[in-house]
Amino acid sequence: MSAATPCTDDCTSCTSGSPTPSEPTPVSPPAARLPGDDDDGSTLGPVRSRFAWCLTGSGHGLHESLELAARLPQVDLFLSAAGEEVLGIYEITLESLRQRFRVLRDKTASSVPVGRLYTDVYHTVIVAPATSNTVAKCAYGFSDTLPTNMFAQAGKLGIPGIVFACDTEPVVVTQAPHGWVTLRPRRIELDNVERLRAIDHARVVASVDELEQALTLRLHELSLSWITSSS
């Protein structure tokens, strides 16, 4: 996406200049329904009030990632086309996701839903889980899918991002649709993860546990808490 974005100061810290909730919290004006939206086009919410969670075409830690997303307050899901396909492979329906999240889909060539970042509603962008393809694109500044566009535009706006990279160790054991698989990422995949760590406003994690820790820290920065079950 090539939409113009405001200039931001150079910064290699994920938290420096991080948008945080402020008082008072005015409500954003009503937004027109955008291609790919599954919501009703109503107001998005107060400024800096929501998480934007992006799904790519990875099944590694997918169920666990969605469980973490469901425990966060105010989350919108942004699905790549590949991510939507993988959800079906892992028998996760859009209908089940809509019960917990606002869902936005990759249905436009220019990733139109990315424009929601310009409304100042989102305080954090999460890409989890992220395929090695997505990691490589983000590391080198390519943005041709909804998640990679979200990551790029968030960085230009100074919105902190968290990326759960899948191929981070010499040996990765992952759950495929029909069983467990052992993968051995190549040097190029491992190098791309390290390159991504140097991108402004990006925090890279290598496991579901690290993802939970990063989200806990971000909640603390925002003076927010995990949603606890009422049962």
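The values are calculated or read from the model by the stated rules, or taken from the named source; none is laboratory data. This is a predicted model, so every value here is computed, not measured. Heads up: the accessible areas ignore ligands, DNA and RNA and are worked out on the full protein's heavy atoms, side chains in. Shrake-Rupley method; radii C 1.70, N 1.55, O 1.52, S 1.80 Å.
Things to note:
- Accessible solvent surface per residue of region 51-166, calculated while the other protein chains remain in place, 1.4 angstrom probe, Å²: 32 Å²
- Percent accessible area from carbon and sulfur atoms, region 76-170, protein chains only, probe 1.4 Å: 52 percent
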